[in-house]
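S.K.: Here you go, one structure.
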Amino acid sequence: MVDAKPVFQVLLHLLFLCLCSANGVQSFKEKKVLKLQEFRWRQRGGTRSTVCLSQKSRKEKGATILEIKHRDYCSGKIVDWNKKQQKRLIFDDLHVRSLQSQFKNRVYGRIKDASEAQIPLTSGIRLQTLNYIVTLELGGRNMTVIVDTGSDLTWVQCQPCKLCYNQQEPLFNSSASPSYKSVLCNSSTCQALQFDTGNSGACGSNPTSCNYVVNYGDGSYTRGELGSDHLSLGATPVNNFVFGCGRNNKGLFGGASGLMGLGRSESVSLVSQTSALFGGVFSYCLPTTEATASGSLIMGGDASIYKNSTPISYTRMVPNPELSSFYFLNLTGISIGGVALQAQSFASGGILIDSGTVISRLAPLVYEAVKAEFLKQFSGYPPAPGFSILDTCFNLSAYQEVSIPTLKFHFEGNAELNVDVTGVFYLVKTDASQICLALASLSYEDEIGIIGNYQQKNRRVIYNTKDSKLGFAEESCSFI
C-alpha cells in the first residue's frame, strides 16, 4: 500500500506555492551572498606604490593585452578611507551634473568658441572618479594614463610646461623624441579636432602648429598642441599616433601622466587610429579595488583569448549624431532578484555606457521601480541615512554576510549585464554601518542614463565599433 503522507506533503507544498503566487509573493528569488568581511575597505598604509608604474602587457593571437589597475593604489597612502569613499560620490554627482548640461548644449545648441567648450566626461572633477589606468609607451617613455571611453583625444603633459600638475612620472619631452612631429594647423587632422572634441584646432604663435584647448566645468583645463609620435601598446607598435601635448594643465588629475581616449570618433581616438591593427575592437575587464587586483584592456577582437565564464551576449550600439563620440545602448529592462520591472522610461531612448562614471544613473521612474522592488526583497535589515546621491542605505555592521537580490540590466537583442555581487552595494563607511544600493536617480526624466563602472566590475565588456555592437560576459578579472 502506498504511504499517503508524502503525497499529502507534496500537495500541501504545491497549494502553498499557488497561494503565494496568487498573493503576488515570489517565493524563490535570485540571490547572491555578499561576504561583508571581504567587501569592507581596509586601511592601507605605506608609500606610493610602484606596481602601477610597471604594468604588464603581452601579445596573444593578434591582440594586445594591457594590465589595467585601479588608481587608488597608485596614489600613495590613503589616511581616511571613509572620506575617500564619500568624496568620490560627491565628485561623481558634480561630474554627472556637468555632463548632462554638456549633453544639452550639444543637442540643443552650438558651442560658440573653444574658450566655452567643455569636453564631456574628462573634467578635472571627473578625473577623481576615472578609476582605471594602464601603461603605454610614447616616444620611448612609459606613461601611465587614465582609461576613458567617453573621451576621444589622448593627451599627456609635456615639457617645456608653462603650468603642470604633479604627476608620478617625468613629463613627456617632445624635443627628446626623434620621432615626434607637430601636427600642422591646416591639416585634415587639425580640422577634424572640432568635430571630435568640440574644440576647433587653431594656429598658435608658431603658425604651423595645431593648438588645442580643453576647458572643464570646474575650471580645470589642458592646453597645448597636437603632435604625433611612435606609440607602443605592449609589444604592438603604432606609428604616427596623434595626441595632445599639454603645455598648460591645471586640475585634479590624480598623478596620472594623461588620458587615453577610447571614444567613438573617426579620427583622433585611439580606437580609430589603431583600426587597421585591431579592427576597431577593444574590451576591458575592470578589477575590484583590492590592492592586488588587476584586470585587462584588450585591443583586438579574438574572443578565444577572453576568460569569460558565461557566453557573450551582444546588443547593438545606438547611433546618436549629436553625441557621436559616445557609446549608447537600448536598455529594455531591469530585473531585481529575477523579477522583471515595469517602467515606461525603458523605451524612452538610449543609455550611455561609460568606463569613468562610478555610480549608474537611471531615469527617476525607473529608479523608483528598482528601489521599491529591492526594498521588497531585501527586507528586515536596519536602515541607515542616505548620503549624497545614494538614498537606499542600510546598517549592516552586525552582519558577516548577507544574501542580496541579483541585479541585471537587459538590452536590445536579449543581451544582459549581470552585475557582480560587489557592484550592488557601495560602502559609504568602511564598517558597513552605512552601505547603500549603488544606483542613483537622474534629476529629470529627459536626462541621459548612464551605466557606470561600479556595475561593470568583473565583467568582460566588448566594444566592436566596426560592427556597431557591444557585448557582455561574466569574467573574474585577472591579467594572468
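Read-outs: derived from the displayed coordinates by stated rules, not from any lab. A quick note: this is a predicted structure, and the numbers were derived from the prediction, not measured. Don't worry about glycine lacking a Cβ; one is built from the backbone with ideal geometry, like all the others, and counts go over all protein chains shown.
S.K.: Take every Cα pair under 8 Å in the stretch 431-477 that's 6+ residues apart, average their separations, divide by the length, and report that relative contact order as a whole percent.
M.R.: Numbers: 28 pairs, mean separation 12.4, N = 47.
Normalised by residue count, the contact order of the stretch 431-477 is 26 percent.
S.K.: Between GLU30 and LYS181, what's the calculated FRET efficiency when r is the beta-carbon distance and R0 is 60 Å? Round to 0.05.
M.R.: E between GLU30 and LYS181, to the nearest 0.05, is 0.60.
S.K.: Now a separate question. Projected onto the charge dipole of the stretch 299-421 (+1 at Lys/Arg Cβ, -1 at Asp/Glu Cβ, origin at the Cα centre), which of SER397, ILE334, GLN377 gives the Cα projection farthest towards the positive end?
M.R.: The residue sitting farthest along the positive end of the dipole is GLN377.
S.K.: Checking the cross-link filter: which lysines have an alpha carbon closer than 21 Å to that of LYS59, excluding same-chain neighbours under 8 positions apart?
M.R.: LYS69, LYS307
S.K.: While we're here: With respect to the cross-link table entries LYS35/LYS429; LYS84/LYS250; LYS31/LYS371; LYS56/LYS250; LYS104/LYS466; LYS31/LYS429, which display a Cα-Cα separation exceeding 18 Å?
M.R.: LYS84/LYS250; LYS56/LYS250; LYS104/LYS466; LYS31/LYS429
S.K.: Note the full-extension length gain between GLU368 and ASN414 as 0.36 nm times their separation in residues minus their Cα-Cα distance, in nm to one decimal. Walk me through the numbers on the way to the answer.
M.R.: On the way: separation 46, 0.36 × 46 = 16.56 nm, distance 2.34 nm.
Answer, rounded to one decimal: 14.2 nm.
S.K.: Tell me, in nm to one decimal, what length is gained between ASN240 and ARG58 on full extension, where the rule is 0.36 nm per residue of separation less the Cα-Cα distance?
M.R.: Working it through step by step, the gained length comes to 63.3 nm.
S.K.: Of all the Cα-Cα pairs you can form in the stretch 294-447, what percent are over 25 Å apart?
M.R.: 36 percent
S.K.: For the stretch 261-343, state the average projected area of the convex hull of the C-alpha atoms over all orientations, rounded to one decimal in nm².
M.R.: 8.5 nm²
S.K.: While we're here: For the stretch 399-449, what is Rg from Cα atoms divided by 2.2 N^0.38 Å, rounded to two decimals?
M.R.: Its radius of gyration relative to the 2.2 N^0.38 Å reference: 1.44.
S.K.: If Rh is defined by the Kirkwood formula over all Cα pairs and Rg also comes from Cα, what ratio Rg/Rh do you get for the stretch 433-476?
M.R.: Value, to two decimals: 1.08.
S.K.: For the stretch 430-480 and the stretch 299-366, write down the distance between their C-alpha centroids in whole Å.
M.R.: Between the Cα centre of the stretch 430-480 and that of the stretch 299-366, the gap is 8 Å.
S.K.: Could you tell me which GluC sites (Glu not before Pro) in the stretch 423-480 are loop residues by DSSP with no more than 14 other beta carbons within 10 angstrom of their beta carbon?
M.R.: Answer in residue order: GLU445.
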